[in-house]
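I have placed the structure first, in the form of structure tokens, so that the comments after it can refer back to it.
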Amino acid sequence: MGSDCLFCRIAAGEIPATIVRETDTTLAFRDIDPKAPVHVLVIPKEHYADVAALGRADPALAGELLAAAAVVAEDEGLLGDGYRLMFNTGAYGGQEVFHVHAHVLGGAPLGPMLCR
Ligand code: 5GP
Ligand code: ZN
């Protein structure tokens, strides 16, 4: 995907981000507009549009993404009080950036899962 994709450009180091964790295959960085005291995005470096495309094409990489998110949650001190791991998917899911990313959210009570 490369130059057209914001998160591919962050993964390539072309756009700055506050990186909190990096592995060979994943990158975690702080959301530019945090919706909770802790709001970290975890992406595979390889481009997949959403979590369904990733899970279908490379389940092992999907597992690495989940493992990376779990380490981020621990490093951010979220294990005791808990946190939310979220993959917005498609238009109705509210996805705005079409490079799969897990939102790691925590640091305060997050309220109900959805506003009705
Ligand atoms: P989505 O709605 O696609 O699930 O989430 C996209 C997230 O990316 C939003 O929470 C938004 O604040 C974040 N975001 C958008 N542009 C940037 C950026 O340039 N840098 C960082 N770090 N986060 C971004
Ligand atoms: Zn991308």
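The values are calculated or read from the model by the stated rules, or taken from the named source; none is laboratory data. Because the structure is predicted, anything quoted here is derived from the model rather than measured. Backbone-built Cβ (ideal geometry, glycine too); neighbour counts: all protein chains shown. Side chains are part of the model used for accessible areas, which takes the heavy atoms of the whole protein and leaves out ligands, DNA and RNA. Shrake-Rupley method; radii C 1.70, N 1.55, O 1.52, S 1.80 Å.
Of all the stretches in the chain, which is the longest one without any exposed loop site, taking GluC sites (Glu not before Pro) in a DSSP loop (any state but H, G, I, E, B) with at most 14 other Cβ atoms within 10 Å? It would help to have the intermediate numbers written out before the result.
Numbers: sites that count: Glu14, Glu96.
After excluding every exposed loop site, the longest remaining stretch is 15-95.
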With every protein chain in place, what's the accessible area of Ile19 (1.4 Å probe, Å², nearest 10)? 90 Å²
Would you kindly derive the ³J(HN,Hα) couplings of the range 54-66 from the backbone phi angles with the Karplus curve 6.51 cos²θ - 1.76 cosθ + 1.60 (θ = phi - 60°), listing them in order in whole Hz, with x for Gly and Pro? 5, x, 5, 7, 8, x, 5, 5, 4, x, 5, 5, 5
How much length is gained on full extension from Met1 to Arg21, taking 0.36 nm per residue of separation minus their Cα-Cα distance? 5.0 nm
Between Cys115 and Ala57, what FRET efficiency comes out of the Förster formula 1/(1 + (r/R0)^6) with R0 = 22 Å and r the beta carbon distance, rounded to 0.05? 0.10
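Show me the trypsin sites (Lys or Arg not before Pro) within the range 23-64 that DSSP assigns to loop and that have at most 13 other Cβ atoms within 10 Å of their Cβ.
Details: sites: Arg30, Lys35, Lys45, Arg56; in loops: Lys35, Lys45.
Sites meeting the loop and neighbour criteria: Lys35.
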How many angstrom lie between the C-alpha centres of the range 6-37 and the range 58-83? 15 Å
With a 4.7 Å Cβ cut-off, tell me which Cys residues in the chain come up empty for a partner. Cys115
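Pull out a ≥ b ≥ c, the square roots of the eigenvalues of the alpha-carbon gyration tensor of the range 10-88, then state rounded if a/c is under 1.5, prolate if not and a/b is larger than b/c, and oblate in the remaining case. Before the final figure, lay out each step's value.
Details: a/c = 1.68, a/b = 1.24, b/c = 1.36.
Taking the square roots of the gyration eigenvalues as a ≥ b ≥ c, the range 10-88 is oblate.
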In whole percent, the fraction of accessible protein surface over the chain that belongs to carbon or sulfur atoms, probe radius 1.4 Å, stands at 55 percent
